[in-house]
């Protein structure tokens, strides 16, 4: 299932940036955006919200007060122009603390951090529908090499076979442990353990496949690879 998201910020331009980033991220589902923090809190009390991207300095309720009210119910990522609230913010056990202006790659790190904290360890597999009526196929997450999406279908390369199923890539990504998978294109996700190299503008997978890296995801992919680089 996609992560259900709400945005709270009293600056329309800041809301627009976050809405743009959320729409670029298939694992996120934007439920609503609010410039009025009081209205946002009332909404979140009535709806099932997974994650809130929240400014701190706002009229009515500030972000720290919003987080205090949501503690234990909804995860919070602060998005603020100020650094001096960081200690107080993390005392509220927020997921992350982003300082404006926020780049998309940094935004993705916060999303992945949320996913890592909320993935269920017991979910090491899932089932998908096959082309045969009434039949399901088990997919072991550890066996997945690559996933490609095309409209409402995904193709999953796992082990020595591949499976095509009627499924939204956005929903499937939300079920995968973020620490083990990396999106390299709008329509392509790869297992990090199967990345064997980088060649030009593409990553090399263990089977020798070259997967071009999309411009939007280039910096995040390079950050991932460089974090494991031995000089």
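The values are calculated or read from the model by the stated rules, or taken from the named source; none is laboratory data. Note that the coordinates shown come from a computational prediction; the quantities given were computed from them, not determined experimentally. A quick note on method: Cβ atoms are made from the backbone with ideal geometry, for glycine too, and the neighbour counts reach across all protein chains shown.
Residues checked against (1) modelled with pLDDT of 90 or more; (2) in the same structural domain as residue 79 (by TED's automatic domain parsing):
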position	(1), (2)
95	yes, yes
108	yes, yes
114	yes, yes
133	no, no
144	yes, no
161	yes, no
165	yes, no
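Screening residue 116 with (1) touching a strand residue (DSSP E or B) at 6+ places or on another chain (Cβ under 9 Å); (2) closer than 22 Å to residue 29 by Cβ; (3) assigned to a helix (DSSP H, G or I) gives one miss only, at (1).
The residue pairs whose first member lies in region 88-111 and is part of a helix (DSSP H, G or I), whose second member is modelled with pLDDT under 95 and surrounded by fewer than 18 Cβ atoms within 10 Å (Cβ to Cβ), and whose beta carbons are closer than 8 Å, counting only pairs six or more residues apart or on different chains, are 104/24; 104/216; 105/219; 105/223. Restricting the first residue to region 197-220 and requiring it to be in the same structural domain as residue 106 (by TED's automatic domain parsing) and within 10 Å of residue 185 (Cβ to Cβ), which pairs with a second residue that is modelled with pLDDT of 90 or more and outside any strand (DSSP E or B) meet a Cβ separation below 7 Å and a spacing of at least six or different chains? Pairs that qualify, where the first residue is in the same structural domain as residue 106 (by TED's automatic domain parsing) and within 10 Å of residue 185 (Cβ to Cβ) and the partner is modelled with pLDDT of 90 or more and outside any strand (DSSP E or B): there are none. Among the criteria (1) surrounded by fewer than 13 Cβ atoms within 10 Å (Cβ to Cβ); (2) in contact with a strand residue (DSSP E or B) (Cβ under 7 Å, 6 or more places away or on another chain), the one residue 96 does not fulfil is (1).
Only residues that are part of a helix (DSSP H, G or I) and loosely packed, with under 15 Cβ neighbours inside 10 Å were counted across region 193-223, and they come to 5. Just one of the listed residues (63, 68) is touching a residue at least 40 places away in the same chain (Cβ under 8 Å), over 30 Å from residue 215 (Cα atoms) and assigned by TED's automatic domain parsing to the domain that holds residue 33, and it is 63.
Is one or more of the residues making up region 26-35 buried (at least 21 other Cβ atoms within 10 Å of the Cβ) and closer than 29 Å to residue 215 by Cβ?
Filtering region 26-35 down to residues buried (at least 21 other Cβ atoms within 10 Å of the Cβ) leaves 27-28, 34.
Retained after the next criterion (residues that are closer than 29 Å to residue 215 by Cβ): 27-28.
Among the residues of region 26-35, at least one is buried (at least 21 other Cβ atoms within 10 Å of the Cβ) and closer than 29 Å to residue 215 by Cβ, which makes the answer yes.
Could you count how many residues in region 36-81 are part of a loop (DSSP other than H, G, I, E, B), under 24 Å from the mean Cα position of the chain (by Cα) and either within 13 Å of residue 10 (Cβ to Cβ) or modelled with pLDDT of 95 or more (or both)? Show your work before the answer.
Going through region 36-81, the residues part of a loop (DSSP other than H, G, I, E, B) turn out to be 36, 47-50, 55-62, 71-74, 81.
Then drop every residue that is not under 24 Å from the mean Cα position of the chain (by Cα), which leaves 47-50, 55-56, 71-74, 81.
Narrowing further to those that are either within 13 Å of residue 10 (Cβ to Cβ) or modelled with pLDDT of 95 or more (or both): 55-56, 81.
Summing the residues that are part of a loop (DSSP other than H, G, I, E, B), under 24 Å from the mean Cα position of the chain (by Cα) and either within 13 Å of residue 10 (Cβ to Cβ) or modelled with pLDDT of 95 or more (or both) in region 36-81 gives 3.
Yes or no, residue by residue, for (1) modelled with pLDDT under 95; (2) closer than 30 Å to residue 185 by Cβ; (3) part of a loop (DSSP other than H, G, I, E, B):
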{"position": "1", "(1), (2), (3)": "yes, yes, yes"}
{"position": "10", "(1), (2), (3)": "no, no, yes"}
{"position": "15", "(1), (2), (3)": "no, yes, no"}
{"position": "26", "(1), (2), (3)": "yes, yes, yes"}
{"position": "32", "(1), (2), (3)": "no, yes, no"}
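Of the residues making up region 119-158, those that are loosely packed, with under 14 Cβ neighbours inside 10 Å and part of a loop (DSSP other than H, G, I, E, B) number 12.
So that you can scan it fast, the table gives a plain yes or no per residue for (1) over 22 Å from residue 89 (Cβ atoms); (2) without any contact (Cβ under 8 Å) to a residue 12 or more places away in the chain; (3) assigned by TED's automatic domain parsing to the domain that holds residue 101:
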site: 18; (1), (2), (3): no, no, yes
site: 23; (1), (2), (3): yes, yes, yes
site: 27; (1), (2), (3): yes, no, yes
site: 32; (1), (2), (3): yes, no, yes
site: 38; (1), (2), (3): no, no, yes
site: 41; (1), (2), (3): no, no, yes
site: 45; (1), (2), (3): no, yes, yes
site: 53; (1), (2), (3): no, no, yes
site: 56; (1), (2), (3): no, no, yes
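Just wondering, is there one or more residues in region 14-23 that are surrounded by 18 or more Cβ atoms within 10 Å (Cβ to Cβ), closer than 30 Å to residue 128 by Cα and under 15 Å from the mean Cα position of the chain (by Cα)? Outline the logic, then answer.
Within region 14-23, the first condition is being surrounded by 18 or more Cβ atoms within 10 Å (Cβ to Cβ), and the residues that meet it are 14-15, 17-18, 21-22.
Remaining after also requiring closer than 30 Å to residue 128 by Cα: 21-22.
Now narrow it down to the ones that are under 15 Å from the mean Cα position of the chain (by Cα): 21-22.
Within region 14-23 (the criterion being surrounded by 18 or more Cβ atoms within 10 Å (Cβ to Cβ), closer than 30 Å to residue 128 by Cα and under 15 Å from the mean Cα position of the chain (by Cα)), the answer is yes, since at least one residue qualifies.
A single member of 174, 142 is out of contact with any helix residue (DSSP H, G or I) (no Cβ under 6 Å at 6 or more places or on another chain) and touching a residue at least 60 places away in the same chain (Cβ under 8 Å), and it is 174.
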